[in-house]
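Trainee: I'd like to ask some things about the structure below.
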Amino acid sequence: MISAEEQLQNRANFRTEDGKLYLVRCMNCGEPPRGRENWAMAVAAGECAWCGWKENDEKEPAAS
């Protein structure tokens, strides 16, 4: 899984002033460097409808 900072390298993705992530193109799935266009209803949720990437997933510790 890639980080939120890596997601933000695509200029289509952005954060609002309050820090909310809008994920327009998921850089975790699809062919780099474009990424895959996200489903419109998932953009504001900050997660990818196709691969399931969520910003909070990167903060969880890896299972042992």
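Trainee: Which length gain, in nm to one decimal place, applies between residue 56 and residue 11 when the Cα-Cα distance is subtracted from 0.36 nm times their residue separation?
Mentor: Answer, rounded to one decimal: 14.1 nm.
Trainee: What is the distance, in nm, between label points placed 7 Å from the Cα along the Cα-to-Cβ direction at residue 20 and at residue 36?
Mentor: 2.5
Trainee: Still on this structure, I have one more. Please compute the alpha carbon radius of gyration of the stretch 5-59, then divide it by the globular-protein estimate 2.2 N^0.38 Å. Two decimals is fine.
Mentor: Details: Rg = 10.0 Å, N = 55, 2.2 N^0.38 = 10.1 Å.
Ratio of Rg to 2.2 N^0.38 Å for the stretch 5-59: 0.99.
No lab work stands behind these numbers, since they all come straight from the coordinates. Just so you know, these numbers come straight off a predicted model, no measurement behind them. Cβ atoms come from the backbone with ideal geometry, glycine included; neighbour counts cover every protein chain shown.
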